[in-house]
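First the structure, in the form of C-alpha cells, and then the observations on it.
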Amino acid sequence: MALDDEFKSATERVTQLTKRPPNDIMLQLYALYKQGNEGDVTGERPGFADFEGRAKFDGWNKLQGKSLEDAKQEYIALVEQLEQEEAW
C-alpha cells in the first residue's frame, strides 16, 4: 500500500477507536496530521486566551523541518500503536 493510502486509512481508523486517547496524544496526532498534509506551520500563533489553539500551534511548530513523508509514517505508527493498546 502506498504511503498516502496508508495515511488516509490511518486517519479513518483513528476516528473508530473505542477509547479517546489522552490530550497529549491527541495533540501529537494533530501535529503529525498537519505536518503530513501541509508541511511546516504557517500563520500567527493564536492569542493568549485561545488555549487550545496555542497548544495545537505549538505542537505543530515543534515538527518544523520534518518531511511530509516522515510525519505521515509517524502518524501511521502512532495510530497502529493506539489500535494495539485497545486490543489488550
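Each reported figure results from applying straightforward, stated rules to the coordinates on display, with no laboratory input. Just so it is clear, the structure is predicted and the values come from calculations on it, not from any experiment. All Cβ positions, even for glycine, are placed from backbone atoms using ideal geometry, and neighbour counts span all protein chains on display.
Which of K8, K34 comes first, and how do the rest follow, when ranked by fewest Cβ neighbours within 10 Å?
Ascending number of Cβ neighbours within 10 Å: K8, K34.
If the elastic network links every pair of Cα atoms under 10 Å, which of D24, D40, D50 fluctuates the most in the Gaussian network model of the chain?
The residue that fluctuates most here is D50.
What do you get for the angle between helix 3-14 and the principal long axis of the chain? Use alpha-carbon atoms, 0 to 90 degrees, nearest ten.
The two axes meet at around 90 degrees.
Would you list which lysines come within 21 Å of K72, measuring only between C-alpha atoms, while excluding same-chain residues fewer than 8 positions from it?
The qualifying lysines are K8, K34, K56, K62.
For a footprinting-style exposure proxy, rank L63, L32, L17 by other Cβ within 10 Å, fewest first.
L17, L63, L32
Testing the spin-label approximation: label points 7 Å from Cα along Cα→Cβ at R54 and L68. State their distance in nm.
Using points 7 Å along Cα→Cβ, the separation is 3.2 nm.
Just to be sure I understand: if I project the alpha-carbon convex hull of the chain onto a plane and average over all orientations, what area do I get in nm²?
Reported value for the Cα convex hull: 6.0 nm².
How far is helix 23-38 tilted, in degrees, relative to the longest principal axis of the Cα atoms in the chain, given as a value from 0 to 90 rounded to the nearest 10?
Approximately 80 degrees, to the nearest 10.
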